[in-house]
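Have a look at the structure below, then the notes.
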Amino acid sequence: MDGSDVDGIKRDISLTVNNIFDSYEKVNYCLPTMEELRALFSDHAESYIGPMNKLSVEGITNLFDKQQSREQKIWQVANELEAEQRGLRSQQ
């Protein structure tokens, strides 16, 4: 995965992940479990990935492969952001 891809995705979704943590914490007075976070983030991931016929991934022509590539990237970044948020919030 290209480093610029990761940086761009991280920039695009970091606020969303932070907002999910903030909202969940305000309502439930605790951090979401990994499963809860993934369920809450799933809708955002689908809209970020976009419709299959509009995907553009360099070097890949098969639509399913394009979708899978984008999905892998976004979830990898989401996992990194989740770990960062858990670390930051555990220090508070």
(request) Starting from residues that are acidic (Asp, Glu) and surrounded by fewer than 12 Cβ atoms within 10 Å (Cβ to Cβ), keep the ones in segment 1-27 and report whichever is farthest from the chain's Cα centre (by Cα). (result) Asp2
(request) Take Ile74 and decide whether it is surrounded by 15 or more Cβ atoms within 10 Å (Cβ to Cβ) and at pLDDT 90 or above. (result) yes
(request) Scan segment 28-45 for residues that are open to solvent by 80 Å² or more (accessible area, probe 1.4 Å) and part of a loop (DSSP other than H, G, I, E, B) and report the count. (result) 1
(request) Evaluate segment 59-71: report whether one residue or more is at pLDDT below 95 and farther than 20 Å from Asp5 by Cβ. (result) no
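The values are calculated or read from the model by the stated rules, or taken from the named source; none is laboratory data. Because the structure is predicted, anything quoted here is derived from the model rather than measured. Here the Cβ is made from the backbone with ideal geometry for all residues, glycine too, and neighbour counts use every protein chain on show. Remember, those area values only see protein heavy atoms, side chains included, never the ligands or the DNA or RNA. Shrake-Rupley method; radii C 1.70, N 1.55, O 1.52, S 1.80 Å.
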